[in-house]
Amino acid sequence: MSDHYAVFGNPIAHSKSPQIHAAFAAQCAQGLRYDAILAPHDGFAQAITDFVAAGGRGANVTLPFKEEAFRLTKRLTDRARIAGAVNTLTFDDNGMIGDNTDGEGLLRDLTTNLLYSLAGRRILLLGAGGAARGVLAPLLASSPAVLTIANRTPAKALQLAKRFAACGPVHGVAYHELAGQSFDLLINATAASLSGELPPLPAGVFAPGSLAYDMMYGETETPFLTFARQNGAARGHDGLGMLVEQAAESFQIWRGVRPHTLPVIAMLRTAGANRSITAG
Ligand code: ATR
C-alpha cells in the first residue's frame with residue numbers, strides 16, 4: 001500500500017494540493033496517495049487522530065486550522081514555533097511534528113519565481129490570522145524598510161506586531177490608519193477573497209511600481225487583485241506560486257527529495273479546472 005498524505009481544511013473541495021502532490025510524486029517517482037479531507041469546524045483534532053490511526057504519514061493544514069494545529073502539536077520546528085501556526089504535519093512513532101512552510105513558499109515565489117527583491121521595500125501585510133503569522137518572520141528577515149500589518153480587528157494586528165518586534169521594523173494598524181500611506185509590496189493574507197470580499201483599503205496605498213500579491217488563487221481574479229489593478233499597482237500575482245512552493249517544501253520534508261516547481265505551476269495555470277477562489 002502506498003504512503004498516505006492529505007490536506008485538511010474547511011472548505012477544501014477546491015484545493016489544488018492533491019493535484020500538486022500527484023504531480024510531484026510522478027516527477028520524483030514516489031509512490032504515494034494524497035487526498036483533500038474536509039474537517040468539521042469543531043472536529044479538526046479528531047480528523048487528524050482518525051487519519052493517523054488509518055496509517056496517514058503526513059498532512060497539510062489549511063484555513064482555518066493552522067493555529068489549532070499549532071496548539072495540538074508538541075514537537076515544533078523553530079519556524080512553526082515563531083509563526084505560531086502549523087501547515088505541515090509529519091507523523092512518526094513518537095507522535096507528530098509540526099512545521100510551517102508558508103513563509104518559505106511565499107519567499108521563494110516572490111524572489112525566485114517573480115524575481116522581486118524585498119530589501120528596502122515598504123511592505124503592507126493585510127490580515128493577522130494564521131496565514132499572516134506564517135510569513136512574518138521570513139519577510140522581516142529579508143530586510144524591508146518597514147512592515148505594516150493592517151487588520152479588520154486592529155488589536156490582533158497590534159498583538160502580532162508586538163510578538164515579532166524583535167525580528168525587524170514592524171507595526172500594526174487599523175485599515176483607516178492607512179490613509180495617506182503607500183507601499184511597494186502589498187500582500188493579502190486575509191480570508192476576504194474566499195467570500196468575494198475586499199479588505200477596506202483606502203485608495204492611494206499602491207506606490208508607483210508596486211506589486212500586489214494575494215495569497216489566495218483562482219481562475220477568476222480576486223477582488224484584491226482587481227482593486228490593485230484599478231488603483232495603480234504595477235504588478236499583481238495570485239498565490240498559486242506560493243501554494244506550489246510551500247507544497248514542494250512539505251514534499252521534501254516527507255520524501256527527502258525536492259521537486260521542480262515551475263512545470264507544476266505552469267500545468268495548473270493551463271489546466272484551468274478550478275474557477276473559484278480558494279486557499280491551500
Ligand atoms: P488564516 O489562518 O487563513 O489566516 P484566520 O485565522 O481565520 O485564517 O484569519 C483570517 C484573516 O482574514 C483575519 O485577519 C481576518 O480579520 P479579523 O481578524 O478581523 O477577523 C481577515 N478577514 C477575513 N475576512 C475579511 C474581510 N472581509 N475583510 C478584511 N479582513 C478579513
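Selection over the range 116-140 of residues that are at negative phi and more than 17 Å from the chain's Cα centre (by Cα) gives a count of 6. As a summary of the residue check, residue 247 satisfies the conditions (1) surrounded by 17 or more Cβ atoms within 10 Å (Cβ to Cβ); (2) over 19 Å from residue 66 (Cα atoms); (3) more than 15 Å from the ligand (Cβ to nearest atom) except for the one numbered (2). Taken over the range 38-63, residues that are under 26 Å from residue 261 (Cβ atoms) and touching a Gly at 6+ places or on another chain (Cβ under 8 Å) amount to 4.
With within 16 Å of the ligand (Cβ to nearest atom), surrounded by fewer than 21 Cβ atoms within 10 Å (Cβ to Cβ), over 14 Å from the mean Cα position of the chain (by Cα) and free of Cβ contacts under 8 Å to residues at least 24 places away in the same chain as the only criterion, which of 71, 81 stands out?
Details: 81 fails: within 16 Å of the ligand (Cβ to nearest atom).
Answer to the check: 71.
Among the residues of the range 252-268, at least one is of a type in the set (Gly, Ala, Ser), away from the ligand (no atom under 16 Å from the Cβ), part of a helix (DSSP H, G or I) and free of Cβ contacts under 8 Å to residues at least 24 places away in the same chain. Under the condition of being within 8 Å of the ligand (Cβ to nearest atom) and either in a strand (DSSP E or B) or within 11 Å of residue 185 (Cα to Cα) (or both), the residues counted in the range 120-142 number 1.
Of everything listed in (1) out of contact with any Asp or Glu (no Cβ under 7 Å at 6 or more places or on another chain); (2) open to solvent by 30 Å² or more (accessible area, probe 1.4 Å); (3) more than 30 Å from residue 235 (Cβ to Cβ), the single unmet condition for residue 57 is (1). Number of residues in the range 55-68 that are near the ligand (Cβ under 10 Å from one of its atoms) and not hydrophobic (A, V, I, L, M, F, W, C): the value is 5.
Looking across the range 214-240, not a single residue is under 14 Å from the mean Cα position of the chain (by Cα), in a helix (DSSP H, G or I) and closer than 22 Å to residue 122 by Cβ.
Would you tally the residues in the range 77-117 being in a helix (DSSP H, G or I), within 21 Å of residue 161 (Cα to Cα) and small (Gly, Ala, Ser)? Result for the range 77-117: 3.
The values are calculated or read from the model by the stated rules, or taken from the named source; none is laboratory data. All values reported here derive from a predicted model rather than from experimental measurement. Neighbour counts are summed over all protein chains in view; Cβ atoms, including those assigned to glycine, are modelled from backbone coordinates with ideal geometry. To get the accessible areas, we keep the full protein, side chains included, count just its heavy atoms, and leave off ligands, DNA and RNA. Shrake-Rupley method; radii C 1.70, N 1.55, O 1.52, S 1.80 Å.
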